[in-house]
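Written below as structure tokens is the structure these notes are about.
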């Protein structure tokens, strides 16, 4: 009887294999989208909302994964690691290599998400869905999210390959054009094109079984566009300080967002309406791995504890002391009773501080450069700054303020990469930090990947 069962199974498998065309077989690769959009009707609002939930759940997983958070938070003055894991220690010590598993996981996660978004953008076809407001919304959200992922990849890895075509089969991949998709200009052009499309976004909330997501439409796009301009300006890629300032200023003057009065309230799960949130998500920690967020073997540095001091009211919301040992309370499910912490992709305090930075660069004598930083300082009980500071002194104080305000919120990498090697060397004089640390290495697994080999990728300098 067992023999007959085995024979039937073998026969069935062979029949299945030979009855499938090449396009029926999707290679198990992160560049291939496994979203079967044939199951969705773009004229059906309920089905479009289901698809939106899938996309935003994936985003929430990606920006709260252990690997992403470690890469974003560990190379900073405020955070150190108490782990004995070699790869986490290497991140903390700026001792990076291309075979670090975190680099591989984040690269694959983001390209997998981009593949799904490419599938949606190409399948929806903007012109044909304009009559359906909910389908148009999904299209524009997909453009925004694709720009978000590519910008994250650019900050982390530099000049990464750009894919905007739908890939759902081997033939899709083989038909891609590789000649013009490996230049820095094309990467930024793709990001700007997607964001300019997405400016038509309306504000919508997304709810699923695991995620609550707020995307403040047009203003969320402005916030990301401002960050892109600020990054390119700080890195010397372009002089777009005025453009960055314009985006931040429009958000501030919109009247739609105000600073939450109590810093600690920002991270309470019962904050149903976040007046400071421009883009936020919440992630059910009990549904994730035990080591998520605050429990990722990171601890506050002694410099950070001293930096907060006793006057700063954020200290009680951020840190916890147990018999002389300091721990992070913020985002730590083992200390905080919060089970569904709010994760901010963008909030008003960040917009104010980036606007202050832009004003300081454009006109260091302009008193309005103090407005944003003083609003953030005053909320935390600190004394405001006077307009007697030089441009360099102002930036040093702003850098400290950002460390305190956004610790563990995945902001450090974006800022450290902009502020450059001299800033990092000053923060960590005992570490061998050089120009190569302005980018992570391309993962070794990607350099050896058959599909990515078509782009003739080169390892980032110094690795």
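The values are calculated or read from the model by the stated rules, or taken from the named source; none is laboratory data. Note that the structure is a prediction, hence the values are computed from the model and not measured. Ideal geometry is used to build each Cβ from the backbone, glycine not excepted, and the neighbour counts take in all protein chains shown.
Some points to look at:
- None of 289, 261, 214 is modelled with pLDDT under 95 and not in a loop (DSSP other than H, G, I, E, B) except 214.
- Flag if residue 33 is touching a helix residue (DSSP H, G or I) at 6+ places or on another chain (Cβ under 6 Å) and closer than 21 Å to residue 163 by Cα: yes
- Set 415, 430: member being without any contact (Cβ under 8 Å) to a residue 24 or more places away in the chain and either buried (at least 19 other Cβ atoms within 10 Å of the Cβ) or touching a helix residue (DSSP H, G or I) at 6+ places or on another chain (Cβ under 7 Å) (or both): 415
Yes or no, residue by residue, for (1) more than 24 Å from residue 54 (Cβ to Cβ); (2) in a helix (DSSP H, G or I); (3) at pLDDT below 95:
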residue: 121; (1), (2), (3): no, yes, yes
residue: 136; (1), (2), (3): no, yes, yes
residue: 144; (1), (2), (3): no, yes, no
residue: 148; (1), (2), (3): no, yes, no
residue: 151; (1), (2), (3): no, yes, no
residue: 154; (1), (2), (3): yes, yes, no
residue: 167; (1), (2), (3): no, no, yes
residue: 172; (1), (2), (3): no, yes, yes
residue: 185; (1), (2), (3): yes, yes, yes
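- Counting only strands (runs of 3 or more DSSP E) that sit completely within the stretch 302-399, those holding 2 or more residues that are farther than 30 Å from residue 239 by Cα, in contact (Cβ under 8 Å) with a residue 24 or more places away in the chain and within 24 Å of the chain's Cα centre (by Cα) correspond to 342-347.
- In the stretch 433-463, the residues that are under 22 Å from the mean Cα position of the chain (by Cα) and crowded, with 18+ Cβ neighbours inside 10 Å: 437, 438, 439, 440, 441, 442, 443, 446
- Restricting the first member to the stretch 74-93 and to residues that are at negative phi and free of Cβ contacts under 8 Å to residues at least 60 places away in the same chain, and the second to residues that are surrounded by fewer than 16 Cβ atoms within 10 Å (Cβ to Cβ) and part of a helix (DSSP H, G or I), the beta-carbon pairs closer than 9 Å and six or more apart or on different chains are 87/101.
- First in the stretch 444-463 and on the phi > 0 side of the Ramachandran plot and at pLDDT 90 or above, second anywhere and crowded, with 16+ Cβ neighbours inside 10 Å and part of a loop (DSSP other than H, G, I, E, B), Cβ under 9 Å, 6 or more apart: 462/439; 462/441
- Each residue in the stretch 264-283 was checked for being modelled with pLDDT of 70 or more and out of contact with any strand residue (DSSP E or B) (no Cβ under 8 Å at 6 or more places or on another chain), and 3 of them qualify.
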